[in-house]
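The values are calculated or read from the model by the stated rules, or taken from the named source; none is laboratory data. For clarity, every value in this text was computed on a predicted model and none was experimentally measured. Cβ placement follows ideal geometry from the backbone for every residue including glycine, while neighbour counts extend to all protein chains displayed.
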Amino acid sequence: MKKVLILLLSVATFVSCSDVEGVTYNAGSTFLAFDQASYNLPVNVNSSSTVSVQFVSSSVSSVARTYNLSIVSEESNANPLTYSLPSTVTIPANEYEGTLTITGTDNDLLDANIKKLVFKVEGLSASESTDTEKVTV
């Protein structure tokens, strides 16, 4: 009887350890979000560096979806000559995520103080929503 019980427990443990597939919600509305609310972009003297930002969707579309990005001026203090932010982010057709790349460059304008660049996504349709309204770099 002990052997049967041990065998059943072993089988139950093995079955419960299988990988769980990710859940995708596609119930008429689409949820969009950046994968993080803040990012670090360290820039060394006389050089440049980049950071990749993922913009993800809860559903796929048969067409590419492009959204506008705008800088929140009142919350940003980074010199516009020291960074490059694309004006849009695109989620390709039949994909769940799009990537945008932000580049920081010294240009002999940086100092030792940490600067902030805050931006947000715009251009969502009525059936789309997001909880990540602003991203801080």
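Structure notes:
- Comparison of 105, 88 shows that the only residue that is surrounded by 14 or more Cβ atoms within 10 Å (Cβ to Cβ), of a type in the set (Ser, Thr, Tyr) and touching a residue at least 12 places away in the same chain (Cβ under 8 Å) is 105.
- Close pairs (9 angstrom Cβ cut-off, 6 or more residues apart or separate chains): more than 13 Å from residue 105 (Cβ to Cβ) in region 38-61, surrounded by 14 or more Cβ atoms within 10 Å (Cβ to Cβ) and among the basic types (Lys, Arg) anywhere: 57/65
- The lone exception for residue 127 - which of (1) closer than 13 Å to residue 55 by Cβ; (2) loosely packed, with under 13 Cβ neighbours inside 10 Å it fails: (1)
- Per-region count, region 96-124, residues in contact with a strand residue (DSSP E or B) (Cβ under 8 Å, 6 or more places away or on another chain) and either assigned to a loop (DSSP other than H, G, I, E, B) or at positive phi (or both): 6
- Some residue of region 101-123 being farther than 16 Å from residue 36 by Cα, among the charged types (D, E, K, R) and modelled with pLDDT of 90 or more: no
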